[in-house]
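The values are calculated or read from the model by the stated rules, or taken from the named source; none is laboratory data. These numbers were taken from a predicted model, which means no experiment stands behind them. A quick note on method: Cβ atoms are made from the backbone with ideal geometry, for glycine too, and the neighbour counts reach across all protein chains shown. Ligands, DNA and RNA are excluded from the accessible area calculation, which covers all protein heavy atoms including side chains. Shrake-Rupley method; radii C 1.70, N 1.55, O 1.52, S 1.80 Å.
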Amino acid sequence: MNNAFNNLIIFNGYPLAVVVAVGLHVLLLAGLLYLQSNNEVEALELVQPTVITALFIDENPQVRNERVIERQRVQRQQEREEQQRAAEAAAAQQAREEAERQAAEQRAREQEAERQRQALVEREELERQRAEQERLRQERERQQEAERQRQQELDREQAQAAERQRQEEAARRREREAAEAAAAQAARNEFELVQSATGLIQQLVQEHWSRPPSARNGMRAIIQIRMLPTGELLDATITQSSGDAAFDRSAENAVYRAAPFSELQDLPINVFNANFRSLSLIFEPQDLLN
Amino acid sequence: MNEISPLQLILESSTGEKLVMLSLLVLSMISWVVIVQRYLVMSAAKSGVSSFEERFWSGMDLSQLYKEGTRIQQEDGQVVGMETIFRAGFKEFMRLRQQSSVDKEAVMEGAQRAMRVAYAREEEKLERHLPFLATVGSVSPYVGLFGTVLGIMEAFIGLATQAQATLQVVAPGIASALMATAMGLFAAIPAVVAYNRFTASLDGVTSSYIMFTDEFSSILHRQIHSN
């Protein structure tokens, strides 16, 4: 009867049973701990994606403004160049005409001399008459000369006027450039305002956007929103569907839930009118795991 | 959080869940205590059956067997199983036989009654705690499931406050909720297996007790009618 079992079942075997059970659970916990430390060794690098990107597209008022200003500037530049070319062409024409006239006069003078010489050789007796005629002619010539001088005077005056005009033009241009620089400065300030406001809207909408399970990376919905200067939302319409109705609806809901954008009240009214009356938002998830 | 381990999940779960898991751990511990203790008792009973049957059928004189048992009992107080039945029956038989006024049938009846009582006591000893194992085996999966439901509720309540319903927000909550089910199963499976095994061996041992009782009473019957 004195076998091993009799020794084991002292007090009905309870002490041994307790020891075994506790040991088993401690062993299990140790196993879990071991698993954990193993996990730590080969720690999986879980990629934490950026939450969401709602981009403001094309309709971005700042970009649009800049583009318009750029276009206007280029147009003005072209106009100026055009004017300059025209002025140059006119000046060249004038110079040509002047030269022709002078050449013609030269020819006339030469002919006149020839005729005088012939008259001197052929008709001595008519010299006086000739001289008279000559005098008359010279008189006429003088008159013509005076006329010509007057003409030249006139031309000079015209040239001076043109010069004055050019200078005025230049002054005007300088003024315009200064004004443009000032406008650019103003636009930069405006740009900062607009950017902070857009950032704010983007953030608000992003916070309120809960995407449906059917959302996939690469989907793209564009919502056009119209706002009042108080930041209240007038309406939001889907201008470009992503193809998934639930996704479109979620984007629209996000806008409605994010409204009103009361921070827009602080914007100057002209900035608001130029940029935030109507705004397009792109909804484009990029962080999904599918 | 770039990695999740089971321990972390347990630590990050809600209070209700922790309570459920703690109770499951306690249940599991107790059921393992019972399993080990029952295993020892069953093994002792089985080995006691085989060793006593060997001694009983070895042709030894019954009164000498009884005296031997008495000596063991005085030494370390450990007389178990079949021997207890034998001693109860034999003691009653001898006591009744010495009273001459009692007739033979009454002696037999008394001995059989004493053996029945001893048998019932032995059987009760063997099947003690087995219902506890059965309860743990059937209930702890439900307890674990309850913990899981609590945890998933918690996870979804947390999800309601989030702007974006990403998988990363709910995943840890649901994983730690599932931990409760895992622990429930961990407690239940050994309990069920042990319960089935112990009831089977209990049947074996008790049927051998009954057989022995019958055989021993037939021996006593022969003895009382031989003289």
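What does the average come to when, for each residue of peptide B:158-165, you count the partner chain Cβ atoms lying within 10 Å of its Cβ?
3
Using only the heavy atoms of the protein chains and a 1.4 Å probe, how would B:I152, B:I72, B:I85 rank by accessible area, largest first?
Reading off the accessible areas and sorting them downward yields B:I152, B:I72, B:I85.
R0 = 30 Å: FRET efficiency of A:R226 with A:D287, Cβ-based, nearest 0.05?
0.55
Run the simple label-point estimate for B:M211 and B:T135 please: 7 Å along Cα→C-beta, distance reported in nm.
In this crude spin-label approximation the distance works out to 3.4 nm.
Please compute the net charge surrounding B:R97, taking Lys and Arg as +1 and Asp and Glu as -1 over other residues with Cβ under 12 Å from its Cβ.
Around B:R97, the charge tally is +1.
Which residue, B:R113, B:R71, B:R197, tops the fluctuation ranking in a GNM of chain B built on C-alpha contacts under 10 Å?
B:R71
Please give the charge dipole size of the protein assembly as shown, origin at the Cα centre, charges +1 on K and R Cβ atoms and -1 on D and E Cβ atoms. Round to the nearest 20 debye.
So the dipole magnitude of the protein assembly as shown works out to roughly 1880 debye.
Using a 10 Å cut-off on Cβ atoms, rank the peptides A:141-151, B:198-208, A:276-286 from the highest mean neighbour count down.
Highest-to-lowest ranking by the protection proxy: A:276-286, B:198-208, A:141-151.
Mind checking which lysines have their Cα closer than 19 Å to the Cα of B:K91? Skip sequence neighbours fewer than 8 apart in that chain.
Reachable lysines: B:K67, B:K104.
If the only charges are +1 at each Lys and Arg Cβ and -1 at each Asp and Glu Cβ, what is the size of the charge dipole of chain B around the Cα centre, to the nearest 20 debye?
Magnitude of the dipole: close to 440 debye.
Per DSSP H run of at least 4 residues, take -39500 (n - 2.57); add these up for chain B, divide by its residues and hand me the 222 nm value, nearest 500 deg cm²/dmol.
That comes out to -31000 deg cm²/dmol.
What does the average come to when, for each residue of peptide A:115-128, you count the partner chain Cβ atoms lying within 10 Å of its Cβ?
Counting Cβ atoms of other protein chains within 10 Å of each residue's Cβ and averaging gives 0.
How much FRET efficiency would the formula 1/(1 + (r/R0)^6) give for A:Q75 and B:L159, where r is the Cβ-Cβ distance and R0 is 60 Å, rounded to 0.05?
The pair A:Q75/B:L159 has a calculated efficiency of 0.60.
List the aspartates and glutamates whose alpha-carbon lies under 16 Å from that of B:K125, not counting same-chain residues fewer than 8 positions away?
Qualifying aspartates and glutamates at Cα under 16 Å: B:E83, B:D203.
What is the pair-distance distribution P(r) of region A:208-290, computed from all Cα-Cα distances in 5 Å bins starting at 0, with each bin given as a whole percent?
3, 16, 24, 21, 14, 11, 7, 3, 0
Give the distance, in whole Å, between the Cα centre of region A:194-252 and the Cα centre of region A:263-283.
So the separation of the two Cα centres works out to 15 Å.
Can you pull the accessible area of B:Y66 for me, 1.4 Å probe, Å² to the nearest 10?
For B:Y66, the solvent-accessible surface is approximately 50 Å².
For the A and B pair, go ahead and give the buried accessible area with a 1.4 Å probe, both sides summed, in Å² to 100.
Approximately 3000 Å², summed over both chains.
Relative contact order of chain A: what whole-number percent is it, with Cα pairs under 8 angstrom and at least 6 residues apart?
Answer for chain A is 26 percent.
I'd like the carbon and sulfur percentage of the solvent accessible area for the protein assembly as shown, probe radius 1.4 Å, heavy atoms only, ligands and nucleic acids excluded.
Carbon and sulfur atoms account for 56 percent of the accessible area of the protein assembly as shown.
Local charge sum around B:E12 (other residues, Cβ-Cβ under 11 Å, Lys/Arg +1, Asp/Glu -1)?
-1
In percent, how large is the relative contact order of chain B, given Cα pairs closer than 8 Å and 6 or more residues apart?
34
Under the 0.36 nm per residue contour assumption, what length would be gained going from the current alpha-carbon distance of A:N273 and A:E177 to full extension?
32.0 nm
Using only helices, what value at 222 nm comes out for chain A when you add -39,500 (n - 2.57) per DSSP H run of length 4 or more and divide by the total residues, to the nearest 500 deg cm²/dmol?
-24500 deg cm²/dmol, from helical runs alone.
How charged is the neighbourhood of B:A200? Take every other residue with its Cβ under 13 Å from the Cβ of B:A200, and add Lys/Arg as +1 and Asp/Glu as -1.
Combined, the nearby Lys, Arg, Asp and Glu give +1.
Would you work out the relative contact order for region A:208-289, in percent, from Cα pairs under 8 angstrom that are 6 or more residues apart?
44
To the nearest Å, what is the center-to-center distance of region A:69-103 and region B:53-109, using C-alpha atoms only?
Each part's Cα centre sits 143 Å from the other's.
Please compute the per residue accessible area over chain A with all protein chains in place, 1.4 Å probe, rounded to a whole number of Å².
Result: 68 Å² of accessible area for each residue.
Testing the spin-label approximation: label points 7 Å from Cα along Cα→Cβ at A:A245 and A:E100. State their distance in nm.
Spacing of the two 7 Å Cα→Cβ label points: 8.0 nm.
Classify chain A: rounded, prolate or oblate, from the alpha-carbon gyration tensor (a ≥ b ≥ c, eigenvalue square roots; a/c under 1.5 rounded; otherwise prolate if a/b is larger than b/c)?
Here chain A falls in the prolate category.
Which distance in nm do the two modelled labels at A:S262 and A:E82 give, with both placed 7 Å along the Cα-to-Cβ direction?
Reported label-point gap for A:S262 and A:E82 is 5.3 nm.
Tell me whether chain B comes out rounded, prolate or oblate; compute the Cα gyration tensor, take square roots of the eigenvalues as a ≥ b ≥ c, and use a/c under 1.5 as the rounded threshold.
Note, shape of chain B comes out prolate.
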